[in-house]
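The values are calculated or read from the model by the stated rules, or taken from the named source; none is laboratory data. None of the values given here were measured: they were computed from a predicted structure. A quick note on method: Cβ atoms are made from the backbone with ideal geometry, for glycine too, and the neighbour counts reach across all protein chains shown. Note: areas computed on protein heavy atoms with side chains; ligands, DNA, RNA excluded. Shrake-Rupley method; radii C 1.70, N 1.55, O 1.52, S 1.80 Å.
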Amino acid sequence: MLLRHTSKEVTERSALTVNPAKTCQPIGAMYAALGIHGCLPHSHGSQGCCSYHRSTLTRHYKEPVMAATSSFTEGSCVFGGQANLLQAIVNIFAIYQPEVIAVHTTCLSETIGDDIPQIVGKARDEGKVPPGKYVIHCNTPSYVGSHVTGFSSMVKGMVKYFAEPATEKTRTINIIPGWVEPADMAEIKRLAGALGIETIIFPDTSGVLDAPQTGTHAFYPKGGTRIEAIKKTGASKATVALGPLASGPAALELETLCKVPAHLLDLPIGLRATDRFIDTLRKLGHVTVPESVADERGRLLDLMTDMHQYLYGKRVALWGDPDQLVALTEFLMDLDMRPVYIVTGTPGKDFERRIADVLGAAADGVRVRQGAQADMFLMHQWIKNEPVDLLIGNTYGKYISRDEGIPFVRHGFPILDRVGHQYFPTVGYRGALRLVDQILGVFLDRQDRESPEERFELVM
Ligand code: SF4
């Protein structure tokens, strides 16, 4: 057994994290930045941080993730990284010619206390930023928060740097999709398009981290939100923020700066969350829901009722990011399954309340933990004491799955050992169909593998 040292006995810990259920802030900032067309993310810190962040994104998306680094040495650690960042800005614009450099900090530069706005201002004053080009930033010290808060901070940075207030509002609705896959962003756009609504979606990694093979290397793939579009978000009639943690701060910033009303929704994962998303767009856009979208919903309902016998009462352990977990928990409840263990390493105020709201009367006996000690080790201990029927989470759950022989659906970030997540959405009604398909698949695979010969069925 790979995790043979995981004990059954749970001891409360205050300082130790074992196999955290989160990763570090700059990864999220880097991912968000890649959702702007022609953007080169820049890591203000040492090379090792940047390599780790790039390689984690590359392993998840199976695409080469480009980013630059300030390459701190011993000198920068003592005297600060201003000289490195100024030189980096000159080199990057000269060699890689991005439209925008999106700078995020690291533990090291935050501990030193580098003042990024002051350094960027100096670069601009000294003519190091070419006309029509931009440098934006966000702070991402990784001893607080997680990859989700890093994502959230970079998206808020986009608003701060680009959004322009306008007295005349347009009919456009901004959509901030949250930390979801490129395929999810494309699906959100498709659904809004099916309703006939004009949108600006930002950031948008579709066409960037799922870019097609064309035979020609494109340093900046054709996807990503154009800077001109982000500037116009201040003139839109409303913003729909999907995932209050990942998208809320940017939407509220836009509301403050440009008086664009913010609507904070859960990620549209599952039936009811997608209903709320579609209904919000319907009301804001003054449109009717087309038959094609109603049919998609009907297909999902049909599958949920047809397969109920395989799903009813199944105990589920899930881990990952708060916005994802809240929506997933609600969907599992709709499937008549029983989410019993829920952990996230991402700190924050609202998570346990949001989960309790979703669970309602079923909250009794459900274990929910958040923060540094809400880790995969604790999750495994709970499972050892009272097993579950299904695991849903990122790749790191494969050890528990193998040791305990529990079916496992990969969902969230990172998924390092499979493909598909970047190509097939899990948001919207179609995405929910895929989720049900994945869950059924692992249950029925297990049944086929373990059933005695006389119970081995050709037809489900
Ligand atoms: S936790 Fe801090 S030091 Fe470690 S990779 Fe992330 S930013 Fe760098």
At what distance in nm do the modelled label points of residue 448 and residue 289 sit from each other, each positioned 7 Å from its Cα along Cα→Cβ?
3.4 nm
Distance in nm between label sites at residue 308 and residue 8, each 7 Å beyond Cα in the beta-carbon direction?
3.7 nm
For residue 319, what is the net charge nearby, where nearby means another residue's Cβ is under 13 Å from its Cβ and Lys, Arg count +1, Asp, Glu -1?
+3
What is the sum of charges around residue 83, taking Lys and Arg as +1, Asp and Glu as -1, for the other residues whose C-beta is under 15 Å from the C-beta of residue 83?
-2
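What does the convex hull of the alpha-carbon atoms of region 91-234 project to on average, in nm²? Mind dumping the intermediate values first?
Working: hull surface 43.8 nm².
Average of the hull's projected areas for region 91-234 equals 11.0 nm².
Which order do the peptides 272-284, 85-97 take when ranked by the mean count of other beta-carbon atoms within 10 Å per residue, highest first? Intermediate results must be reported in sequence, preceding the final value.
Working: 272-284: 18.5, 85-97: 16.6.
With the highest mean Cβ count within 10 Å placed first, the list reads 272-284, 85-97.
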Summarise the long-distance tail of P(r) for the chain by giving the % of C-alpha pairs beyond 38 Å.
25 percent
Length-normalised contact order of the chain, Cα under 8 Å, at least 6 apart, in percent, tallies to 18 percent
What is the Cα coordinate range of region 1-41 on the first, second and third principal axes, sorted by size from largest, in whole angstrom?
51, 27, 10
In the neighbourhood of residue 185 defined by beta carbon distances under 15 Å, the net charge of the other residues (Lys, Arg +1; Asp, Glu -1) is -2
Return the sequence-ordered ³J(HN,Hα) values of region 22-28 in whole Hz as given by the Karplus equation 6.51 cos²θ - 1.76 cosθ + 1.60 applied to θ = phi - 60°, using x for Gly and Pro.
6, 9, 8, 3, x, 4, x
Quick one: go through region 362-377 and flag any residue whose amide nitrogen is under 20 Å from the point 7 Å out along the Cα-to-Cβ line of residue 143.
371-374
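Express in nm, to one decimal, how much length is gained between residue 83 and residue 170 on full extension, taking 0.36 nm for each residue of separation and deducting their alpha carbon distance. Walk me through the numbers on the way to the answer.
Numbers: separation 87, 0.36 × 87 = 31.32 nm, distance 4.28 nm.
That pair, residue 83 and residue 170, stretches by 27.0 nm at full extension.
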Classify region 119-171 as rounded, prolate or oblate from the Cα gyration tensor: take a ≥ b ≥ c as the square roots of its eigenvalues, call it rounded if a/c is under 1.5, otherwise prolate when a/b beats b/c and oblate if not.
oblate
Suppose each label sits 7 Å from its Cα in the direction of the beta carbon; what would the residue 111-residue 214 distance come out to in nanometres?
4.3 nm
How do the peptides 223-231, 256-264 rank, highest first, by the average count of neighbouring beta carbon atoms within 10 Å per residue?
223-231, 256-264
With 22 Å as the cut-off, how large is the P(r) tail for region 249-375, expressed as percent of Cα-Cα pairs?
47 percent
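Which sequence of 399, 161, 143, 429 reflects their accessible areas, 1.4 Å probe, from the largest down?
On the way: 399 105, 161 80, 143 135, 429 10 Å².
Greatest to least solvent exposure: 143, 399, 161, 429.
Per-residue counts of other Cβ atoms within 10 Å, averaged by peptide: what ranking do you get for 416-423, 338-345, 211-218, highest first?
Values: 416-423: 14.2, 338-345: 25.0, 211-218: 8.9.
So the peptides 416-423, 338-345, 211-218, ranked by packing, come out 338-345, 416-423, 211-218.
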Within region 360-460, list the GluC sites (Glu not before Pro) lying in a DSSP loop whose Cβ has at most 12 other Cβ atoms in a 10 Å radius.
457
